[in-house]
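Worksheet: one structure, shown below.
The values are calculated or read from the model by the stated rules, or taken from the named source; none is laboratory data. Keep in mind that what you see is a predicted model, and the values were worked out from it rather than measured. Quick reminder, even Gly has a Cβ in these numbers, built from the backbone with ideal geometry, and neighbours come from all protein chains shown.
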Amino acid sequence: MLTWARRIAIFLLLGAVANVAVAWACAFAQTEVVPHRGGFEHPTGDANRAISVTRRFGWQYVIDFEFTRQVRSKIVGDGPLPRYDSRMWWPDEGHQPINRRGYLGCGWPMLSLIASVAPEPTFVALQGQSGKRPVVRTGIAINPRRLGTPPSVTIPDIIPIGVLWHGFAENTLVYAGVIALLTLSAGAIRRNWCRLNNRCAACGYPRGTSPVCTECGATLPTVITK
């Protein structure tokens, strides 16, 4: 029982490592720079908020917009917006949502890691003017130059490190299952080959007339005559 418990723990650990590796690979592989335009209904149902989505394999970038009714009419129109069937988890921004905040989620088959980018005021004077420099949360900026523009204009080049727990758990189970299946299948094939070639299934040492392996001491099955 303890042996199987250790195996399960190892498979889950390897699944988590594979999960992070795949998510980061998706983040590195994305080449989009300009986010797509197109409005979706905000998950909160707020009529004064909408989202725009850029999707690629294992990667999504979502911008959270807040605007007045007049601005909404110019950007997404007056009609109802389509619902967004997202795998992205939406953090609770409370009663003060940040306008034009970007969310970047990565992972496959579910989004498992997330980073957010929000424009925040800076007090560093640039040619006598103060501006807004996007700030990355739960992420690592790969190309700081891409952070020189608002999240709604340029998709930041960042690696997410925030965890989307439901997606992370599901992906970890999927990868752990695949790793376990491959490992156990390879072990079964090797043991069957050893038996067919009169070798110890435990260590692969050639067997003799002894009922136990002279190399590792494992009990040997009945000799197979070719």
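Selection of first residues in the range 141-170 that are under 14 Å from Phe28 (Cα atoms) and among the charged types (D, E, K, R) and of second residues that are at pLDDT below 85 and part of a helix (DSSP H, G or I), restricted to Cβ pairs under 9 Å at least 6 apart or on distinct chains, gives the following pairs, ordered by first then second residue: Asp157/Pro144; Asp157/Arg145; Asp157/Arg146; Asp157/Leu147.
Can you find a residue that is part of a strand (DSSP E or B), among the β-branched types (Val, Ile, Thr) and free of Cβ contacts under 8 Å to residues at least 24 places away in the same chain anywhere in the range 203-215? Yes.
Number of residues in the range 6-29 that are over 15 Å from Gly105 (Cβ atoms) and aliphatic (A, V, I, L, M): the value is 10.
In this structure, does Asn192 turn out to be among the polar types (S, T, N, Q), in a helix (DSSP H, G or I) and without any contact (Cβ under 8 Å) to a residue 12 or more places away in the chain? Taking the combined requirement at face value, the residue satisfies it. Residues that are surrounded by fewer than 17 Cβ atoms within 10 Å (Cβ to Cβ), over 30 Å from Tyr103 (Cα atoms) and touching a helix residue (DSSP H, G or I) at 6+ places or on another chain (Cβ under 9 Å) do occur in the range 169-183, at least one of them.
Looking only at residues of the range 1-38 that are outside any loop (DSSP other than H, G, I, E, B) and in contact with a Ser or Thr (Cβ under 6 Å, 6 or more places away or on another chain), we find that the one that is farthest from Pro156 (Cα to Cα) is Gly15. Among what's in the range 39-66 and is under 14 Å from Leu81 (Cβ atoms) and exposed (fewer than 14 other Cβ atoms within 10 Å of the Cβ), pick the residue that is nearest to the chain's Cα centre (by Cα). Going through the qualifying residues, I end up with Thr44.
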